[in-house]
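One structure below.
The values are calculated or read from the model by the stated rules, or taken from the named source; none is laboratory data. Being a predicted model, the structure only gives us computed values, none of them experimental. Because the Cβ atoms are built from the backbone with ideal geometry, glycine has one as well, and the counts that use them run over all protein chains shown. Just the protein is used for accessible areas: all its heavy atoms, side chains included, with ligands, DNA and RNA removed. Shrake-Rupley method; radii C 1.70, N 1.55, O 1.52, S 1.80 Å.
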Amino acid sequence: MALAVNGDYMTLVIAGHSSGGFEEGIYFASDSHITQNNQVLVKGFKKVIEVPIRVKGLNFCSEWFNGYLGNRYQGICTIAFAGSSLVAQHLINSMKNHLGELYPTFHNGSYQIAMSCEKHKHLNQADYDESMFLDHQLDPLLTAKLVSNIVCHSIEAVLEHARGFGRMSQLFSAYQAEFILGVQCPQTRNYHIYQYEIVPDQELGAKVDMVEIIKNDLAVIGAKKFKNDALVALASCTDDDKPSQRMFSFLDEVVENETSIGNNGIGKPIGLYNLQGCTLSRIGFVK
């Protein structure tokens with residue numbers, strides 16, 4: 001659990017839009033400490049990971065739909081997390097399960113992509129006209145916005161299940177977690193960043209807040225108190241500076257400062273990652 005003594009997250013992950021050359025895409029600068037009560041439990045924990053996106057293929061024999069077979073699309077998005085590592089891993093598993101098994105379908109008069117939990121929308125074995133389920137009808141369905149909504153649903157699904165045990169309001173801190181999603185839209189090829197936070201709710205106990213991060217802004221999870229300083233550092237970039245490298249240097253400075261005052265919540269090694277298309281690469285590392 002990456003928490004400071006005062007209960008605030010002390011993970012620090014910063015994400016923004018890359019620019020220039022081979023780094024075009026989305027960058028993530030992340031620490032790697034897992035701590036409890038300011039005691040280091042793990043160093044080198046990867047908090048920025050790939051999550052597969054798979055859309056099932058359709059097996060037709062002439063006009064007869066024989067079932068889903070293989071994948072008609074395979075890609076990845078990137079997820080970063082802050083908060084309880086145990087709870088966050090459970091939520092990430094939910095994201096993997098939902099994004100890794102998507103179903104093209106025709107429901108209520110429109111082509112859609114259904115999740116595995118939406119079995120009532122899945123196609124049944126039957127005859128369909130040969131003019132249906134063509135590439136130009138199915139390809140536009142998978143978008144960055146859809147991926148972001150599926151991630152949100154994946155978190156909500158876990159919270160909904162947890163509500164069945166009651167006392168979510170009293171035990172809210174155990175469910176706290178934050179996430180950053182980075183994804184390239186399969187349609188527009190533009191890159192998108194979304195930030196999620198589990199927040200208290202009077203009626204539900206907890207709910208998910210989601211916001212899209214525009215260019216020239218930053219997604220910051222964990223120790224969000226550093227966001228304003230990070231934005232100032234980003235604004236100081238010159239034409240010769242890469243935003244990703246400037247944020248990596250900023251993270252390094254924060255870690256050094258926090259370590260010097262005895263705060264182990266944010267710690268080295270730190271990593272710099274870049275999402276380009278369907279590839280997440282580590283492009284920086286400091287022990």
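Residues checked against (1) without any contact (Cβ under 8 Å) to a residue 40 or more places away in the chain; (2) open to solvent by less than 10 Å² (accessible area, probe 1.4 Å); (3) within 15 Å of residue 148 (Cα to Cα):
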site: 56; (1), (2), (3): no, no, no
site: 59; (1), (2), (3): yes, no, no
site: 65; (1), (2), (3): no, yes, no
site: 70; (1), (2), (3): yes, no, no
site: 76; (1), (2), (3): no, no, yes
site: 79; (1), (2), (3): no, yes, yes
site: 85; (1), (2), (3): no, no, no
site: 92; (1), (2), (3): no, yes, yes
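Residues in the stretch 198-209 that are within 22 Å of residue 144 (Cα to Cα) and touching a Gly at 6+ places or on another chain (Cβ under 9 Å): 198 alone. Taken over the stretch 242-264, the criterion of being open to solvent by less than 70 Å² (accessible area, probe 1.4 Å) and out of contact with any helix residue (DSSP H, G or I) (no Cβ under 7 Å at 6 or more places or on another chain) is satisfied by 248, 249, 251, 252, 255, 258, 262, 263, 264.
Just to be sure I understand, how many residues within the stretch 115-139 are within 16 Å of residue 72 (Cα to Cα) and not polar (S, T, N, Q)?
Matching residues across the stretch 115-139 total 10.
Under the condition of being open to solvent by 70 Å² or more (accessible area, probe 1.4 Å), assigned to a loop (DSSP other than H, G, I, E, B) and either hydroxyl-bearing (Ser, Thr, Tyr) or in contact (Cβ under 8 Å) with a residue 60 or more places away in the chain (or both), the residues counted in the stretch 94-140 number 3. Number of residues in the stretch 265-287 that are surrounded by fewer than 18 Cβ atoms within 10 Å (Cβ to Cβ), of a type in the set (D, E, K, R) and touching a residue at least 12 places away in the same chain (Cβ under 8 Å) equals 1. Within the stretch 235-287, track down each residue that is more than 30 Å from residue 75 (Cα to Cα), aliphatic (A, V, I, L, M) and not in a loop (DSSP other than H, G, I, E, B). Residues satisfying the conditions are 235, 254, 255. Restricted to the stretch 15-54, and to residues there that are acidic (Asp, Glu) and more than 20 Å from residue 93 (Cβ to Cβ), the residue that is most open to solvent (accessible area, probe 1.4 Å) is 24. Of the residues making up the stretch 50-67, those that are assigned to a strand (DSSP E or B) and of a type in the set (Gly, Ala, Ser) are 57, 67. Checked against (1) in contact with a Leu (Cβ under 9 Å, 6 or more places away or on another chain); (2) open to solvent by 20 Å² or more (accessible area, probe 1.4 Å); (3) modelled with pLDDT of 95 or more; (4) over 13 Å from residue 32 (Cα atoms), residue 229 passes all but a single condition, namely (1).
The single residue among 227, 215 that is within 18 Å of the chain's Cα centre (by Cα) and of a type outside the set (Ser, Thr, Tyr) turns out to be 215. Do we find a residue being open to solvent by less than 70 Å² (accessible area, probe 1.4 Å), free of Cβ contacts under 8 Å to residues at least 24 places away in the same chain and farther than 25 Å from residue 101 by Cβ anywhere in the stretch 194-208? Within the stretch 194-208, one or more residues are open to solvent by less than 70 Å² (accessible area, probe 1.4 Å), free of Cβ contacts under 8 Å to residues at least 24 places away in the same chain and farther than 25 Å from residue 101 by Cβ. Examine the stretch 26-39 for a residue that is assigned to a strand (DSSP E or B), modelled with pLDDT under 95 and over 30 Å from residue 217 (Cβ atoms), and state whether such a residue exists. Checked against the condition, which is being assigned to a strand (DSSP E or B), modelled with pLDDT under 95 and over 30 Å from residue 217 (Cβ atoms), the stretch 26-39 yields at least one hit. If you filter the stretch 171-187 down to residues that are at pLDDT 75 or above and assigned to a loop (DSSP other than H, G, I, E, B), you find that the one that is least open to solvent (accessible area, probe 1.4 Å) is 185.
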